[in-house]
Amino acid sequence: MTAKLIDGKALAAKIRADMKVKVAQLEAEHGYRPGLAVVLVGENPASQVYVRNKIKACEEAGIRSIEKRLPESTSEEDLLNLVRSLNEDPSVDGILVQLPLPKHISDLKVIDTISPDKDVDGFHVNSAGRLLVGRPGFRPCTPAGIAEMLDSIGFDCSGKRAVVVGRSNIVGKPMALMLLERNATVTIAHSRTKDLPAVCREADLLVVAVGRAKLVTADYVKEGAVVIDVGMDRDENGKLCGDVNTESVLEKASYVTPVPGGVGPMTIAMLLTNTVSAALGKFGKSLN
Ligand SMILES: Nc1nc2c(c(=O)[nH]1)N[C@@H](CN(C=O)c1ccc(C(=O)N[C@@H](CCC(=O)O)C(=O)O)cc1)CN2
Ligand SMILES: [Mg+2]
């Protein structure tokens, strides 16, 4: 079998265009435009790129972005106070604090200070709990984007074997819960899993989010499986690549997501979706 690539860039562009329409409708009906606060602490080069792309995506969709750039030396208390002031600001619908934060700041404290109503990253313990018990709430953007990609190829999770490699709070764990919600039989594999290739070969759907360049080769893949690559790594030549050796896997999988141009752009599209959803909520409306 020769796999097809799932074009995340094109799907993200479509979702962003849909959000632009929703924003225009909201403005026409209520004279209100959604606002996203984007908080970046320090000068991590990758974070600067992601934040720039998020702000650009907001602009194109008609979402106001409220940029807050703080120096690396910012104290935890100052950052918490900024988040508290954004919580109180009625023109801010969503608050995004770009991760990773500097070492002297606790990610958890900052995330848990964000008002759950404005938690468009879906990282707050309230959002995580809602996902766990199947209640509506903000879903983390990367797994939500992957769910959209699966819908786009007509992949029905029900009864399928899904293996999620990686157990982070922002990708692996929420992804596993979202697949369970869609009635897949889900395994979470991680660095202590014995015989990882054999576990992965059980999967009809393989989601890899471990941060190890080109770890997954054809030997990990069942014939016809769908392979989702969440990695954002560098190969031996410093070139951007994922956790999946795409070339190797292409011969076995039915679908593979590329890096770049796969899951990454979907993460940003879903951030816009969550922000529009937060703003609609203010007017007693929802996206669907
Ligand atoms: N507050 C958050 N922090 C982080 C998140 C997040 O969702 N919220 N996720 C990642 C980084 N991230 C978004 O913030 C992100 C990473 C990558 C991409 C992306 O589009 N990648 C491109 C390639 C970009 C490049 O050339 O370097 C692609 O895959 O095509 C978007 C968003 C950690 N932090
Ligand atoms: Mg930290």
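Which percent, to the nearest 5, of DSSP beta bridges fully inside segment 141-264 are antiparallel?
Looking only at bridges with both residues in segment 141-264, the antiparallel portion is about 10 percent.
I want to verify a result. In a Gaussian network model of the chain, Cα cutoff 10 Å, which of these has the top mean-square fluctuation: 257, 275, 187?
187
Nearest 20 debye, what's the magnitude of the dipole of the chain about its Cα centre given +1 on Lys and Arg Cβ and -1 on Asp and Glu Cβ?
Once rounded to the nearest 20, the dipole reads 320 debye.
With springs connecting C-alpha atoms under 10 Å apart, model the chain as a Gaussian network and identify which of 148, 60, 88 has the largest mean-square fluctuation.
88
Select from segment 204-288 those GluC sites (Glu not before Pro) which occupy a DSSP coil region and have at most 14 other Cβ atoms within 10 Å, ordered by residue number.
223, 236, 251
Counting DSSP beta bridges with both partners in the chain, what percentage is antiparallel, nearest 5?
Rounded to the nearest five, the antiparallel share is 5 percent.
For the chain, with a Gaussian network of springs between Cα atoms less than 10 Å apart, report the residue from 258, 45, 116 with the top mean-square fluctuation.
Comparing 258, 45, 116 in the GNM, the peak value goes to 45.
In percent, how large is the relative contact order of the chain, given Cα pairs closer than 8 Å and 6 or more residues apart?
23 percent
How would segment 30-118 be classified by its alpha-carbon gyration tensor: rounded, prolate or oblate, with rounded meaning a/c under 1.5 and the a/b versus b/c comparison settling the rest?
oblate
How would 156, 89, 233 line up from fewest to most surrounding beta-carbon atoms within 10 angstrom?
Ranking 156, 89, 233 by Cβ neighbours within 10 Å, fewest first, gives 156, 89, 233.
Between residue 156 and residue 20, what FRET efficiency comes out of the Förster formula 1/(1 + (r/R0)^6) with R0 = 25 Å and r the beta carbon distance, rounded to 0.05?
After rounding to 0.05, the efficiency reads 0.30.
Kindly flag which residue pairs out of 9/239; 118/160; 56/239; 68/173 have an alpha-carbon separation exceeding 22 Å in this structure.
118/160; 56/239; 68/173
Restricting attention to segment 238-288, which trypsin sites (Lys or Arg not before Pro) occupy a DSSP loop and are surrounded by at most 13 other Cβ atoms within 10 Å?
Here the sparse-neighbourhood loop sites are 239.
What does the C-alpha gyration tensor say about the overall shape of segment 138-288? Classify as rounded when a/c is under 1.5, otherwise prolate if a/b is larger than b/c, or oblate.
prolate
Label the chain by shape, choosing from rounded, prolate and oblate, from the square roots a ≥ b ≥ c of the eigenvalues of the Cα gyration tensor; if a/c is under 1.5 it is rounded, and otherwise prolate applies when a/b is larger than b/c, oblate when it is not.
The shape class here is prolate.
We did not get these values from a lab; they are worked out from the coordinates using the rules stated. Computed from a predicted model, the values in this text were never measured in an experiment. Glycine gets a Cβ as well: all are built from the backbone with ideal geometry, and neighbour counts include every protein chain shown.
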